[in-house]
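Okay, so here's the structure we're looking at.
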Amino acid sequence: MTRIPLRSDLRALSGYHSPQVDVPVRLNTNEAPFSPPAAWLDEVAAAARDIDWNRYPDRAATELREGIAALHGVSVDQVFVANGSNEVLQSILLAYAGAGGNVTMFSPTYQMHAQIARVVGATVVEGKRNADFTLDRGEIERVVAASKPAVSFICSPNNPTGTVEPRDNVEAMLAVAPGVVVVDEAYAQFSPWSALELVNDDSPLVVTRTFSKTWSMAAARLGYLVGPRWLVADMEAVVLPYHLDAFKQRAGLLALKFVGDMEARVRDIVAGRDKIVDAFSRLPVTSWPSGANFVLFRPDTLAGTTVWQGLLDRGVLVRDCSSWAGLDNCLRVTVGTDAENEAFIAAMKEVLA
Ligand SMILES: *Cc1c(COP(=O)(O)O)cnc(C)c1O
């Protein structure tokens, strides 16, 4: 059998996979712990019968984009939708970086920013966060001035650290960046501010959002950006025709009728996050302030991997970040339901006892 070698520049990339283990309490991938509303599911089921399945979908996903635009008080031509915010990020990188362009990000951060950049053939230039995971304005200016990036990323709140990026830093990046500035707001509803207020046609700023977390729709693969009109128009050049299927367009549009339910779930999760942080204050662990639905922590007395395994032995799966650069011994726990959070805290007490 002849095996064709993978493109040589991709061979070293290991991909981004969170190991899934079948356990009762799964707190490792930052999904919502709750199902979407039952009424939404009924409407989606009815919509499935309504679709002209023999026809291509609305290529521009107009109704869905109108709904998202109304949600944020922007116009429909400022919104681009795709199969998860990861496809949104890929489209931006294809359009503006491509082979040879520089792409900056500040580590530790969401690994997919570097991963997708490398897949499109771009060159990754990583800046560094401080020991407490905040980001210095000077570091932003140094890295951006030196690398003249075609695309720069800021993740706020930052995955996996939970750090909320101050508005000053986003503005500082915009002031020096020669290319597109992407603020990845996958967790924005859990955090105190959004860069959406900075979006306009005269600024190369894009905010990306997802239905995977707050909307309890990770299975649907739906995400979007809000940005300048010229940038939304440019996405047409890189996206595949009819990339967003008709069923998903309907499912997303119907979800927007349940924004109140989504906001109630967000409040529950923030309350759960507060309880976890409170429990951490009475355990031998260091944790960092989070504006998201997860908390990064480091056990003070045991190795991170030991604690990860101890939790797993008690049926609780968290994310082991302990081997990631800059995250020695760190673990990340996603906020779950009350029962899941209590199971996690009880398991932590046992493991650290
Ligand atoms: C979960 C996550 C996403 C979501 O990606 P989807 O493709 O929309 O599921 C994007 N950015 C960050 C930082 C995330 O943590």
query: How far apart, in nm, are the 7 Å Cα→Cβ label points at Glu66 and Lys275?
result: 4.2 nm
- line: FRET efficiency (Asp168, Asn54; Cβ distance; R0 51 Å; to 0.05) is 0.45
- prompt: Does anything in segment 127-156 have its amide N under 17 Å from the 7 Å Cα→Cβ label point of Trp230, and if so which residues?
  reply: 150-152
field: Hits among lysines - C-alpha to C-alpha of Lys128 under 18 Å, sequence gap 8 or more where chains match
entry: Lys148
query: For the peptides 46-55, 310-319, 155-164, what is the packing order when you average, over each peptide's residues, the other Cβ atoms within 10 Å and list the highest mean first?
result: 155-164, 310-319, 46-55
query: Ordered by packing density, taken as the mean number of other Cβ atoms within 10 Å over each peptide's residues, highest first, how do 265-278, 180-193 rank?
result: 180-193, 265-278
message: Could you give each residue of segment 264-279 its phi-based ³J(HN,Hα) in whole Hz, using Karplus coefficients 6.51, -1.76, 1.60 with θ = phi - 60°, and x for Gly or Pro?
response: 5, 4, 4, 4, 4, 5, 5, 5, x, 4, 4, 5, 5, 4, 5, 4
- request: Taking a cut-off of 18 Å between Cα atoms, list the lysines near Lys349, but don't count ones fewer than 8 places away on the same chain.
  value: Lys275
statement: Given backbone amide H placed at 1.01 Å from N, residues whose amide H is under 5 Å from that of Gly101, ignoring those fewer than 5 places away on the same chain, are Thr123
Charge dipole magnitude, Cβ of K and R +1, D and E -1 - the chain, Cα centre, debye nearest 20: 760 debye
query: In nm, to one decimal, how far is the modelled label at Ala346 from the one at Leu198, with both set 7 Å along Cα→Cβ?
result: 4.4 nm
- line: Whole-Hz Karplus couplings 3J(HN,Hα) for segment 114-131, θ = phi - 60° and coefficients 6.51, -1.76, 1.60, Gly and Pro as x, run 6, 4, 5, 4, 5, 4, 7, x, 7, 9, 8, 10, 9, x, 10, 7, 5, 4
- prompt: Whose amide H sits under 5 Å from the amide H of Gly127, counting only residues 5 or more places off or on another chain, with H placed in the peptide plane?
  reply: Met105, Phe106, Ser107
task: Over every pair of different alpha-carbon atoms in the chain, take the mean of 1/r and invert it; report that Kirkwood radius in Å.
output: 21.3 Å
query: Using the count of nearby Cβ atoms within 10 Å as a rough guide to exposure, how do Met235, Met348 rank from fewest to most?
result: Met235, Met348
message: Just to be sure I understand the model, the point goes 7 Å from the Cα along the line to the Cβ. What's the resulting Ser8 to Arg282 distance in nm?
response: 5.9 nm
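Coordinate-derived values only; no laboratory data. Quick caveat, the model's predicted, so the values are computed rather than measured. With ideal geometry, Cβ positions are generated from the backbone for all residues, glycine too; neighbour counts draw on all protein chains shown.
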